[in-house]
Amino acid sequence: MKKDQSSRGFIRCITAFLFCLLLNPSFAQDTFTLSGTVKDASDGEALIGVNVYARDQQVGISTNVYGFYSITLPKGSHRLVVSYVGYHKVEREINLNANITLNLELKAEGNVLEEVIVKAEREDHNVKSMEMSVNKMEMRTIKKMPALLGEVDVIRSIQFLPGVSSVGEGSSGFNVRGGAIDQNLVLLDEAPVYNSSHLMGFFSIFNPDVVKDVKLIKGSIPSVYGGRVSSILDVRMKEGNSKRTEFSGGIGTIFSRFTLEGPLVKEKGSFVVALRRSYIDLLARPFLKDDLKGVKFYFYDFTAKGNYRINDKNTVYLSGYLGRDLFGADFGFDWGNATTTFRWNHVFNNKLFLNTTLFYSNYNYSLDSDLKNKNKEDVFRWNSNILNYSIKPDFTWYLNTRNTITFGGQSILYNFNPGSARVVSGGEGQDIGLNSKKALESAVYIGNEHKITGRLTLNYGLRYSFYDYFGTPLAYIFDESAPAGERKPLRDTLAFSGNESIRKYGYFEPRLAVNISLNRSTSLKIGYNRLAQYIHLLSNTTASSPLDVWTPSTNNIKPQLSDQVALGIFKNFRDNMYETSVEVYYKTLQNQIDYIRNADLLLNPYVEGDLMYGKGRAYGAEFFVKKNKGNLNGWISYTLSRTERKVNGLNNNEWFLSRIDKLHNLSVVSIYDISKKWNIGATFSFMTGTPASFPTTRYIWQGIAIPHNYSDERNTYRIPASHRLDLSATKRNKHALFGRGESEWVFSVYNVYNRRNPFSVYVRQNPDDPSRTEAVRYSVFASVLPSVTYNFKF
């Protein structure tokens, strides 16, 4: 009954929405539609966010992620201006007496120094667009920033943006506006990635040579996105060079990469394949002795994509990723992601565009106590994975110059294997593990970018998500009357057969963004979004590890919900040379997971009895200044924020600091083009230390000190602040291998002034005097790290 009421409510909302559109006076005008695609003239790559502007009508549209645009104009002659930062502007006189398809190619401005940019649209895009709490970075920007051991990294680069942080150097994932790492939806060509890091967080899984576009959405999230309550990181891969075959790569300090791209069929399609492999284990092997001689610590990944244009109305894409990390000697573990995405673009007519996506995603990880000898009498082997299948049709309807409507839906089938293990003791083996779990998450959505006047634009939408938990034979009922903060005893066990439904949830998720243009260079933006998240990462360590367990929402674990309001002022100076913005936000979070002390999260069928639930809030202000033009470019970002939790049974039931809270976060990025051959880069970051829990007292038992937290309060202390300076210099050469193509040398120094930034601080017994305790500061990087990388293309 409740489901039927929700469905009827959604239908009524959509009906009212469409009725309002039909009353729009623009339907009565004699208009025609101009549509087409915009691509790079050098390699045929579709360009995202190109501004197509009718000067006489003072209306415009931006190309979508496939380079498609559609603009409806009155009958007659129009002056069309097509512009994109870093490319030559194109102006055309168009006589519009019928619907016209106009495909364009833009040439890069090769006669000027490259400009470092964070967003590659029109120069005043940050002021005029509906986007707020959004940062877009091109790979040519990221490649000029100093990087750890000279290796370009997407995840590390976005941490220099406002509102983005991590719990420390060497930690996997990232945090956005007080959200945990599992509250970020990381997409690679629309397929979700559950662990975006290699080598325990030192590098990301994204090969920079095949990444085309990186977009981080922190607020005012459009209705097309859902499934996470904090942010969206949308990473798009290159299609490949459709004009000619190219081979590129890089040889670095700890790993190398190679990429091949070219046309499949002339003017019909293209492909790109890329391979990376680290070899720090091979370099270290001659120096490892005794027990360390067989140690393994390396990663590899393979990325590929192809596309084929069937005709003017149909194009198909197929992309995939396979990556793996291995770490250990006698005892070790490995983990990795695998994704496959198939997409079909269909143009129904000049106004209606469809992209249908099917994807497969598999994240699996395992632990093995015996890597060398598989026949020992005492062995423990454990593995776990999360498997996804999805279909997602997305429609874009370019209704008229004032309304662009997006609508569609998505269904995701989850299959969770929380853990299965093989234990061998004394030569006798036993299989243990947890039951697999299944869930189906579905959603429908609709949104509209509505240009009400020249000064007021709205983007409003509604998403309805529905979730069904099923597919496990047993569901547990716990005694909720247990004292807060203690393990809840099992009260009952319910049996289910086949794919019988166990628990269902459904939520409306409204979205709203407002852009009020104050003048040509200033705008005020307001945003609101509600988001629902149905899957959770269970981790009670300082930083997450690859072995943390993913679990769906169940009859005990409720979906996470977030509501966020943001307000921003955007101002450009000196003919868009400088961009500035100030944003404030307030976010509330429901059904946040915490853990009882000494919670057992590994292979525990009753793990839900060790979980606690509460609410959270995050609020702050983000300041951003960016220089776009000239030889000296870069930005400064500063975030002042607070992240708190309130859980019944913890800290006297009062609000307390989250373990990812960072009051101050300052980042400076500077890139200077000395000449066409040389450029230098510098980055500086300062972050407040994360909260921590330490003993308040100690007991002496038989001459041994035992630490104890008398008040049992969490996160009442804070570890020292972190700050770091990195430098780089890049020298471009005319030729690469065999006198062909082009190449460059990249010299970088990470942690220039040898700062020992604390990753964590913990208390232990003094090894020389067991009756005393001492605090130990652990640092991941405790020295200067220079590196050299050679990149080439021909």
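The values are calculated or read from the model by the stated rules, or taken from the named source; none is laboratory data. Source: prediction; values computed, not measured. Here the Cβ positions follow ideal geometry from the backbone for every residue, glycine too, while neighbour counts run over all protein chains shown. Heads up: the accessible areas ignore ligands, DNA and RNA and are worked out on the full protein's heavy atoms, side chains in. Shrake-Rupley method; radii C 1.70, N 1.55, O 1.52, S 1.80 Å.
Of the conditions (1) at pLDDT below 90; (2) open to solvent by 30 Å² or more (accessible area, probe 1.4 Å); (3) within 26 Å of I680 (Cβ to Cβ), V749 satisfies every one except a single condition; which number is it?
Result: V749 passes all but (1).
If you take the residues of the range 752-781 that are of a type in the set (G, A, S) and either within 26 Å of the chain's Cα centre (by Cα) or surrounded by 14 or more Cβ atoms within 10 Å (Cβ to Cβ) (or both), which of them is farthest from L149 (Cα to Cα)? Steps first, answer last, please.
Pass one, the range 752-781, residues of a type in the set (G, A, S): 760, 771, 775, 779.
From the residues that got through so far, the ones that are either within 26 Å of the chain's Cα centre (by Cα) or surrounded by 14 or more Cβ atoms within 10 Å (Cβ to Cβ) (or both) too are 760, 779.
Values: S760: 23, S779: 17 Å.
Here the answer is S760.
Could you list, ordered by first residue, the pairs with Cβ atoms under 6 Å in which the first is in the range 250-270 and assigned to a loop (DSSP other than H, G, I, E, B) and the second is of a type outside the set (G, A, S) and at pLDDT below 90, at least 6 apart or interchain?
G252/E151; T253/L149; I254/L149; I254/I280
Output the residues belonging to the range 216-233 that are open to solvent by less than 10 Å² (accessible area, probe 1.4 Å) and touching a residue at least 60 places away in the same chain (Cβ under 8 Å). Don't jump to the end; show me each part of the working.
We begin by selecting, within the range 216-233, every residue open to solvent by less than 10 Å² (accessible area, probe 1.4 Å); these are 216-219, 221, 223, 227, 229-233.
Matches in the range 216-233: L216, I217, K218, G219, I221, S223, G227, V229, S230, L233.
Does the range 771-781 contain at least one residue that is at pLDDT 90 or above, aromatic (F, W, Y) and within 30 Å of S641 (Cα to Cα)? Spell out the reasoning first.
If we filter the range 771-781 for residues that are at pLDDT 90 or above, which is where we start, we get none.
The answer is no, given that none of the residues of the range 771-781 is at pLDDT 90 or above, aromatic (F, W, Y) and within 30 Å of S641 (Cα to Cα).
Out of all the residues in the range 577-598, which are crowded, with 18+ Cβ neighbours inside 10 Å and touching a residue at least 60 places away in the same chain (Cβ under 8 Å)?
Listed by number, the residues that qualify are E579, S581, E583, Y585, K587, L589, I596.
Quick one: which residue in I719, I680, I674 is loosely packed, with under 15 Cβ neighbours inside 10 Å and among the aliphatic types (A, V, I, L, M)?
Numbers: I719 fails: loosely packed, with under 15 Cβ neighbours inside 10 Å; I680 fails: loosely packed, with under 15 Cβ neighbours inside 10 Å.
Result: I674 is the single residue among I719, I680, I674 that is loosely packed, with under 15 Cβ neighbours inside 10 Å and among the aliphatic types (A, V, I, L, M).
Restricting to the range 294-322, give me the number of residues that are out of contact with any Ser or Thr (no Cβ under 9 Å at 6 or more places or on another chain) and free of Cβ contacts under 8 Å to residues at least 24 places away in the same chain. Lay out the reasoning, then the answer.
Going through the range 294-322, the residues out of contact with any Ser or Thr (no Cβ under 9 Å at 6 or more places or on another chain) turn out to be 294-296, 301-302, 310-311, 313-316.
Then keep just the ones that are free of Cβ contacts under 8 Å to residues at least 24 places away in the same chain; that gives 310-311.
Of the residues in the range 294-322, 2 are out of contact with any Ser or Thr (no Cβ under 9 Å at 6 or more places or on another chain) and free of Cβ contacts under 8 Å to residues at least 24 places away in the same chain.
Report the residue count in the range 150-165 for those that are in contact (Cβ under 8 Å) with a residue 60 or more places away in the chain and either in contact with a Gly (Cβ under 7 Å, 6 or more places away or on another chain) or among the polar types (S, T, N, Q) (or both).
4
Sort out which residues of the range 444-477 are in contact with a helix residue (DSSP H, G or I) (Cβ under 8 Å, 6 or more places away or on another chain) and either modelled with pLDDT under 95 or not assigned by TED's automatic domain parsing to the domain that holds L399 (or both), and write them in order of number. Break it down stepwise before answering.
Narrowing the range 444-477 to residues in contact with a helix residue (DSSP H, G or I) (Cβ under 8 Å, 6 or more places away or on another chain): 444, 446, 448, 462, 464, 466, 476.
Across the range 444-477, the qualifying residue is only Y476.
Within the range 256-273, can one find any residue that is touching a helix residue (DSSP H, G or I) at 6+ places or on another chain (Cβ under 8 Å) and either surrounded by fewer than 22 Cβ atoms within 10 Å (Cβ to Cβ) or of a type in the set (S, T, N, Q) (or both)?
Filtering the range 256-273 down to residues touching a helix residue (DSSP H, G or I) at 6+ places or on another chain (Cβ under 8 Å) leaves none.
No - not one qualifying residue is present in the range 256-273.
Could you pull out the residue among A421, A439 that is within 18 Å of R503 (Cβ to Cβ), surrounded by 18 or more Cβ atoms within 10 Å (Cβ to Cβ), touching a residue at least 12 places away in the same chain (Cβ under 8 Å) and among the small types (G, A, S)? Walk me through how you get there before you give the answer.
On the way: A421 fails: within 18 Å of R503 (Cβ to Cβ).
Result: A439 is the single residue among A421, A439 that is within 18 Å of R503 (Cβ to Cβ), surrounded by 18 or more Cβ atoms within 10 Å (Cβ to Cβ), touching a residue at least 12 places away in the same chain (Cβ under 8 Å) and among the small types (G, A, S).
More than 30 Å from L567 (Cα to Cα), open to solvent by 30 Å² or more (accessible area, probe 1.4 Å) and modelled with pLDDT of 95 or more - does that describe any residue in the range 505-523?
So far as the range 505-523 goes, no, none of its residues is more than 30 Å from L567 (Cα to Cα), open to solvent by 30 Å² or more (accessible area, probe 1.4 Å) and modelled with pLDDT of 95 or more.
E239 versus (1) closer than 24 Å to Q183 by Cβ; (2) in a loop (DSSP other than H, G, I, E, B); (3) among the charged types (D, E, K, R): which is the lone unmet condition?
It is condition (1) that E239 fails.
Quick test of your reading of the structure: V59 fulfils all but one of (1) modelled with pLDDT under 85; (2) open to solvent by 40 Å² or more (accessible area, probe 1.4 Å); (3) more than 31 Å from the chain's Cα centre (by Cα). Name the failing condition by number.
Unmet for V59, out of (1) modelled with pLDDT under 85; (2) open to solvent by 40 Å² or more (accessible area, probe 1.4 Å); (3) more than 31 Å from the chain's Cα centre (by Cα): (2).
Residues being over 30 Å from E509 (Cβ atoms) and in a strand (DSSP E or B): count how many of those fall in the range 580-613.
Adding up the residues that qualify gives 1.
Considering only residues that are out of contact with any His (no Cβ under 9 Å at 6 or more places or on another chain) and outside any strand (DSSP E or B), which ones fall in the range 394-434?
Once the filter is applied, which keeps residues that are out of contact with any His (no Cβ under 9 Å at 6 or more places or on another chain) and outside any strand (DSSP E or B), the range 394-434 yields T401, G426, G427, L434.
Looking at the range 321-342, is at least one residue at pLDDT 95 or above, in a strand (DSSP E or B), more than 19 Å from the chain's Cα centre (by Cα) and more than 22 Å from T551 (Cα to Cα)?
yes
Identify all residues within the range 163-183 that are of a type in the set (A, V, I, L, M) and under 13 Å from S539 (Cβ atoms); write none if there are none.
Let us first name the residues in the range 163-183 that are of a type in the set (A, V, I, L, M), namely 164, 167, 176, 180-181.
Across the range 163-183, the qualifying residues are V167, A180, I181.
Name the one entry in I412, I405 that is buried (at least 19 other Cβ atoms within 10 Å of the Cβ), under 25 Å from D548 (Cα atoms) and either of a type in the set (D, E) or touching a residue at least 12 places away in the same chain (Cβ under 8 Å) (or both). Don't jump to the end; show me each part of the working.
Details: I405 fails: under 25 Å from D548 (Cα atoms).
Of I412, I405, the one residue that is buried (at least 19 other Cβ atoms within 10 Å of the Cβ), under 25 Å from D548 (Cα atoms) and either of a type in the set (D, E) or touching a residue at least 12 places away in the same chain (Cβ under 8 Å) (or both) is I412.
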